[in-house]
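Novice: First, the structure itself, so that you have it in front of you.
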Amino acid sequence: MLKVALRYDNGTILITGNVHIPFASVDPRTHSLRAEGLDYQNIIEYLKRSEIEYDDNKVLDLIPSPNISIDEANSQHISLRDYQKKALDNWAKAAKRGSVVLPTGAGKTVIGVKAIEMVNSASIVIVPTIDLMDQWTSVLSKYFPYIKIGNLGGGSDDIQAITVTTYDSAYIRASSLGNKFSLIIFDELHHLAAPGYRSIAERFASPFRLGLTATIEREDNLDKDFPRLVGGGIVFRAHAGDLARDKHLASYEIERRQVEMLPEEVQEYKKNFGVYQVSLKKLGLRMNYTGAFTRLIMMSGRNSIAREAILARNKAMYIALNSRSKIEELRKILSENRGLKTIIFTQHNKLVFDISDRFLIPFITHKSSKGERQDTLNGFREGRYNALVTSKVLDEGVDVPDAELGIIVSGTGSSREFIQRLGRLLRPKPDSNKKAKLIEIISLGTREIGTSTKRKKALNKVDEPDNSSS
């Protein structure tokens, strides 16, 4: 009988033995077959099907772990909702490989905790930010108090049987850590498609993989690579509308408020947008072509007209997004909704500071220190503050206290950003009949109308029925 030997080597699987492996190619340096770390499980399954004897003792060198089980004795029982149970069941049936897509506030972290318990072996969680690393560490410490949770990133370098790290740190250490964990969890999975980050999945030999996200689709269509990187497709998906109907999330309504810019703003907007239109024409690009702006960016390094077009477009959009008329409309909305816990979202920090100064509302931006951010969020949670204003920093990952009203003063056309912002309002309310409300403030006669329409297409994805949960 043929016999092959497998060995983990710097993020790859080195294969010796005179046999064909479909996932491997010949390394000209060693004349041996070599495959990516992520193909380890596929190789094993192929060898078993082909009845080829193999030795893989030199692939996984797992960090020793105690029995990993939730500390029921100290009342840390997790009562899973029906859709969470279904998600885990589907993942288990898919050989513990694949992605779960759930809206913000629907309990993706709990699914990750239970997945770690199910695998009961060394596990690593990859997250995009230090804030999320801290949150995961806190949750895991709560459910597994007898296990020291390791951290890699933000000045920490402590690898344990359960470790939480950032995408940046995992990217740097992927080759050396890639055979140390049975389970790898990609939180906020959409980040994994980035050219550098995808190498994390490629170098890790972890046989079990779980992707978690609220918004798996990417505008660059690189989400098509997730089944390969995570070892399987979407094993379960539920939308906000589905969960709101079942009272797992708050029901919601969305309102668009349109405002007219000031005359001088209209004049300046038209001037700059006109420059943008003329530049596109000179370059032979159609304005309604969805890839026009991407082409412009690619051309801007060598073409002065393209650079001028980008600057003019950005200036026009800045005027529309930050119109003073929006501030007056915001004043009316806040007056109409006194007493509601409110989060105000903007695109630019300058507008954050302006709103904060005018309305005496605390703010959070990416420049806020960790202590300042935590104090503001705690004040919002405890009722010391009834509102806060933020730029993009709260769009993803940060554990934001319950809010009843969201106001988008400015934003992009990103469906991901829109769904994340809506998700900040959807945690179940004490009064199950009370709806969360999201209000957009849009400048009339500008491209912002199209931006709003584009991001609201996400609502079709949020509310349409989905069959991947069956």
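The values are calculated or read from the model by the stated rules, or taken from the named source; none is laboratory data. Values in this document were obtained by computation on a predicted structure and should not be read as measured data. Positions of Cβ are backbone-derived with ideal geometry, glycine not excepted, and every protein chain shown enters the neighbour counts.
Novice: Within region 104-133, track down each residue that is among the β-branched types (Val, Ile, Thr) and either in the same structural domain as Phe418 (by TED's automatic domain parsing) or within 26 Å of His248 (Cα to Cα) (or both).
Specialist: Thr104, Thr109, Val110, Ile111, Val113, Ile116, Val125, Val127, listed by residue number.
Novice: Only one of Ile184, Ile159 is surrounded by fewer than 21 Cβ atoms within 10 Å (Cβ to Cβ), touching a Leu at 6+ places or on another chain (Cβ under 8 Å) and either more than 25 Å from Arg373 (Cα to Cα) or acidic (Asp, Glu) (or both). Can you tell me which?
Specialist: Ile159
Novice: Within region 77-118, track down each residue that is aromatic (Phe, Trp, Tyr) and within 22 Å of Ser182 (Cα to Cα).
Specialist: Matches in region 77-118: Trp91 only.
Novice: Restrict the check to region 350-372 and report whether at least one residue is touching a residue at least 60 places away in the same chain (Cβ under 8 Å), surrounded by fewer than 20 Cβ atoms within 10 Å (Cβ to Cβ) and not aromatic (Phe, Trp, Tyr).
Specialist: yes
Novice: Scan region 156-176 residue by residue and report those that are under 23 Å from the mean Cα position of the chain (by Cα) and not polar (S, T, N, Q).
Specialist: Once the filter is applied, which keeps residues that are under 23 Å from the mean Cα position of the chain (by Cα) and not polar (S, T, N, Q), region 156-176 yields Ile162, Val164, Tyr167, Asp168, Ala170, Tyr171, Ile172, Arg173, Ala174.
Novice: Inside region 22-43, can you point out the residues that are among the β-branched types (Val, Ile, Thr) and either more than 27 Å from Ile172 (Cα to Cα) or modelled with pLDDT of 95 or more (or both)?
Specialist: If the condition is that a residue be among the β-branched types (Val, Ile, Thr) and either more than 27 Å from Ile172 (Cα to Cα) or modelled with pLDDT of 95 or more (or both), then Ile43 is the only one that fits.
Novice: I've got another one for you. Looking only at region 226-280, which residues are more than 30 Å from Leu189 (Cα to Cα) and hydroxyl-bearing (Ser, Thr, Tyr)?
Specialist: Answer for region 226-280, where residues must be more than 30 Å from Leu189 (Cα to Cα) and hydroxyl-bearing (Ser, Thr, Tyr): Tyr269, Tyr276, Ser279.
Novice: Considering only helices (runs of 4 or more DSSP H) fully contained in region 316-384, which possess at least 1 residues that are within 27 Å of the chain's Cα centre (by Cα)?
Specialist: 349-359, 370-382
Novice: In region 138-232, which helices (runs of 4 or more DSSP H) lie fully inside it and hold 2 or more residues that are under 20 Å from Val100 (Cα atoms) and at pLDDT 95 or above?
Specialist: Fully inside region 138-232 and qualifying: 198-203, 226-230.
Novice: Working carefully through the options Ala106, Ala95, find the one that is of a type in the set (A, V, I, L, M), more than 20 Å from the chain's Cα centre (by Cα) and not in a helix (DSSP H, G or I).
Specialist: Ala95
Novice: Does Val19 satisfy the condition of being β-branched (Val, Ile, Thr), assigned to a strand (DSSP E or B), modelled with pLDDT under 95 and not assigned by TED's automatic domain parsing to the domain that holds Thr213?
Specialist: So Val19 does not fit the description; no.
Novice: Suppose we filter region 223-276 for residues that are of a type in the set (Lys, Arg), in contact with a strand residue (DSSP E or B) (Cβ under 6 Å, 6 or more places away or on another chain) and surrounded by fewer than 19 Cβ atoms within 10 Å (Cβ to Cβ); how many remain?
Specialist: Residues meeting the conditions: 2.
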